[in-house]
Each structure stands twice: as structure tokens, then as C-alpha cells.
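Down below is the structure, laid out as C-alpha cells.
The values are calculated or read from the model by the stated rules, or taken from the named source; none is laboratory data. Predicted model only: the values in this text are computed from it and were never measured. FYI the Cβ positions are ideal-geometry reconstructions off the backbone, even for glycines, and counts take in every protein chain you see. The accessibility values were calculated without ligands, DNA or RNA, using every heavy atom of the protein model including side chains. Shrake-Rupley method; radii C 1.70, N 1.55, O 1.52, S 1.80 Å.
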Amino acid sequence: MASVIFYFFIFVVFIVSNAFFAIICIYIAKGLLQKPAQWDQVAARLGLTYSDRRRGKLKLMTGTYQSVPLKVATIRKYEPLSGASGPRKTRTYLTIQAWFPSHHTPAMSVQRQTTLKKLLGRDIKLDDKALDKLLLIESPGPKAVRRLLLHPEVRATLLDCFRRPKSLGTYKIEGNFVYFTAMPPSDDEALTDKINHIVAFAQTIARASDELFRPAEQSPAPTEPVIETFTETGGAW
């Protein structure tokens, strides 16, 4: 009986170890076969201009896609490994900066709410429990911003984006731009999806702004902005 149990135990160990080995092999193979995001090809498909910096280590796409002026870039941040005064490690991030294609969008600052920001900032309350808990909002025109951010489409977009874990990316609205930062995408599809996501964000804000604030007479088309250059260390990011 003891020998039967022993051989059965050896058999189970053999099966489990081989299954584990197979899983590791598949994971490694996927990693080796996965093709990194080809920024030049994505830029060509979306009608953007591509360039790289520092021998291809930092990448940049600029232009207008679906009426939204964009800057898509990789930047480097120097972050402490442990504690503010400890050693630092360089990390690369994807950043997307998109302009709201409407000159009716009120100037505003919208970011994720934190206890420190809540104490230091001049927070505009929307009288919306979910948004007020989630967002820190500042603007010289609080009345217009309340109307805009409580628009059903805009509200749904804000909840969808700002509720996402930081590991999936961080969002910020500053002035007439939406900013997005995340880890670099792994392939062309992931990069394109992130660009489309931020473009849809900007279009939602623009549509709501035109609906709420555009005069009865058609106003001239807005002039496209000069989008600030991303620094290699990320600037305010």
C-alpha cells in the first residue's frame, strides 16, 4: 500500500511539474514573439507625424486625428526606489495630450481627489456625490464647469476614466487639454486603443461644450493650439 501511494505521489509531482514547465515555456514564447509597438506604423495609419529622440529611445507623434490635435510621446521620469532621498530609477511612460476641439470649453483643472489636494486646493463642488468624492475641480468659471461636468455624457466619461486604477493610467484636465499617462503599450493595438480612448474623451467634452455654450449663430472654427512640448523627465507629470 505504501509503495502504491509513493508511486502515485511521484506521478502527481511529474504531472504538476511538467504542466508548470509548459506554462513557463508558453509565457516565455509569447514574450519573445510579441512585437513591440511600431510607432511609425501607427502614426502612418492615424495620419500623424512620427519622430524619435535619443536614438529611438524616446518617441513622439504629433498631428490631428479625428479633429483632435494630439501629442503622443514617451517620457522618462526619475523616481525614488525607496523613500524620497533614496536611490532613483529611470522609468519610461506613455503620455497623451489632446486638445478639446471646441473654443466653448471653459478653462478648468480636473484631477483625482486626494486628502492633501483637498486641503490645499480650492475645490468646486458639483453637488454630485460620486464626482465630488472622486475629483478635485478648480476653475475661474464654476457655474459653466458645473453645467459641463454634469452633462450626462461627460459625467459618465469622467466616472469611467478617473475610477480606473492608477496602474491603468492617470488622467488630468488642465485648461483646454486632457492629459493621460500610463506604462508604455506592448503592441500596435494597445497603443492605438489608448489614442482612440483619449480622442473619444476630448470629443465628448467638445460635443457637450458646443451643445451647452455655443451661441445660436455659428461661431468661427477654433484655432488649433500650440501643444506644449513634453520634457524627457515629464515636467509636471
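Give the residues of region 188-204 that are out of contact with any strand residue (DSSP E or B) (no Cβ under 7 Å at 6 or more places or on another chain) and within 15 Å of A98 (Cβ to Cβ), sorted by residue number. Hits for region 188-204 are L191, T192, D193, N196, H197, A200, T204. In region 163-173, is there at least one residue being assigned to a helix (DSSP H, G or I), touching a Leu at 6+ places or on another chain (Cβ under 8 Å) and in contact (Cβ under 8 Å) with a residue 12 or more places away in the chain? No - not one qualifying residue is present in region 163-173.
Farther than 30 Å from R147 by Cα, modelled with pLDDT of 80 or more and crowded, with 20+ Cβ neighbours inside 10 Å - does that describe any residue in region 94-112?
Taking region 94-112 and keeping what is farther than 30 Å from R147 by Cα, we get 94.
If we keep only those that are modelled with pLDDT of 80 or more too, we end up with 94.
Cutting the leftovers down to crowded, with 20+ Cβ neighbours inside 10 Å gives us 94.
Yes, because at least one residue in region 94-112 is farther than 30 Å from R147 by Cα, modelled with pLDDT of 80 or more and crowded, with 20+ Cβ neighbours inside 10 Å.
Among the residues making up region 15-68, those that are modelled with pLDDT of 70 or more and on the phi > 0 side of the Ramachandran plot are G47, G63, Q66, S67.
Being surrounded by fewer than 18 Cβ atoms within 10 Å (Cβ to Cβ) and farther than 19 Å from G63 by Cα narrows it down to one residue among L158, L136, L150; which is it?
Values: L158 fails: surrounded by fewer than 18 Cβ atoms within 10 Å (Cβ to Cβ); L136 fails: surrounded by fewer than 18 Cβ atoms within 10 Å (Cβ to Cβ).
Only one candidate qualifies: L150.
One residue stands out among those in region 183-212 that are modelled with pLDDT of 95 or more and in contact with a Lys or Arg (Cβ under 8 Å, 6 or more places away or on another chain): the one that is most open to solvent (accessible area, probe 1.4 Å), which is L212.
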